[in-house]
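Any read-out appearing in this document is the output of simple, stated calculations on the displayed coordinates, not a laboratory observation. Note that the coordinates shown come from a computational prediction; the quantities given were computed from them, not determined experimentally. Backbone-built Cβ (ideal geometry, glycine too); neighbour counts: all protein chains shown.
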Amino acid sequence: MQDFKKFILQIQTLVIADNIVEANKENSLAELREFALIDILNLPKEQVVQQVKYLESVYEIFVDFWVNYDTIPDYTRQDHQVTFFQCLELEEYFIVIQNIKVPSSKITEQLLHDLLEIIKERQKILRRFMRAIENVIEKAGKAEARIEIKQGSPKHRFKNNPSFKFKTEIITDLFNLLKDYFAVEEQAELLKLLQITDTEVGKLLLFNGNGNQLADAFKQLFESNLIQGCNKAELNLWVLNHFFYKDKDKQRNYTEKYLNDIISSDTKVCQSPILDVKKREGGEYGIFPTQRIKKNYNKY
């Protein structure tokens with residue numbers, strides 16, 4: 001397990017230096033990831049499950065970092081880089097090797113940009129590593145182990161995950177954009193679900209549109225940090241637990257693979273998205289409709 005331990009240690013270690021990109025080279029991580037994967041897959045099934053749970057806890061550290069990041073006022077990054085750097089509270093989330101004394105004029109906008117890109121890339125590498133473990137287990141026919149890795153209903157997880165939420169300032173716009181895709185009797189439940197993600201709904205809510213449109217909408221919101229406190233796998237499970245859709249007048253349930261292909265990867269690309277996420281003049285993200293809704297389901 002030495003390579004696995006090195007991989008986890010390196011992915012959580014940040015070196016703050018003049019040339020932060022050079023100091024945090026990602027080249028060795030790719031090779032180390034392959035050896036770490038061998039370490040994991042040589043373990044007994046029960047230990048694989050334990051290590052996947054551990055990896056999920058490491059991934060949550062990155063999620064928590066971005067939740068904190070979203071609370072920092074934008075103006076500090078442009079006008080008070082040192083203050084912004086300190087507000088990131090890197091030591092709370094990562095192992096930090098600091099070769100620059102703070103406060104320092106070396107904390108520049110470019111350094112902050114590179115730092116955040118490094119953290120994003122580390123998070124992607126970790127997510128790909130976790131997915132690789134699942135894929136190998138599935139291909140090897142270890143269905144039972146895969147079920148254990150995924151054990152626990154999504155509703156139960158979200159009840160105990162109060163940090164998973166839509167950003168408050170976009171909920172009204174999002175509801176107004178989505179509501180006409182749902183029957184009028186379901187709109188109140190839709191609004192409650194957007195306000196409190198672990199709301200118990202009596203039944204799945206029917207999205208009267210292409211299934212990939214709703215999945216793509218949530219993917220865009222996630223990638224713009226307008227959904228907080230969860231990873232894409234958890235978002236997939238949340239959609240699976242609360243929505244189904246129409247396909248050629250037939251009602252269909254979402255599947256994990258269908259959602260994974262849209263939300264967690266670019267395997268399926270939505271050709272007719274219902275919303276677009278753009279930056280407003282003040283720098284904040286907003287959501288905008290991309291097409292006129294042809295049907296108003298309030299009439300039915």
Just add up the charged neighbours of Asp3: K/R +1, D/E -1, any other residue whose Cβ is under 11 Å from the Cβ of Asp3. 0
Two pseudo-spin positions, 7 Å from Cα along C-beta at Leu41 and at Leu116, lie apart in nanometres by 3.6
Between Asp18 and Glu256, how many nm apart are label points set 7 Å from Cα along the C-beta direction? 5.0
Segment Ala183-Gln50, extension gain: residue separation times 0.36 nm, minus the distance between their alpha carbons: 43.6 nm
Could you compute the FRET efficiency for Lys6 and Asn176, with r as their C-beta to C-beta distance and R0 at 51 Å, rounded to 0.05? 0.55
Contour minus Cα-Cα span, Thr267 to Glu281, at 0.36 nm per residue, comes to 1.8 nm
Find how many whole Å separate the alpha carbon centroid of region 217-284 from the alpha carbon centroid of region 44-64. 24
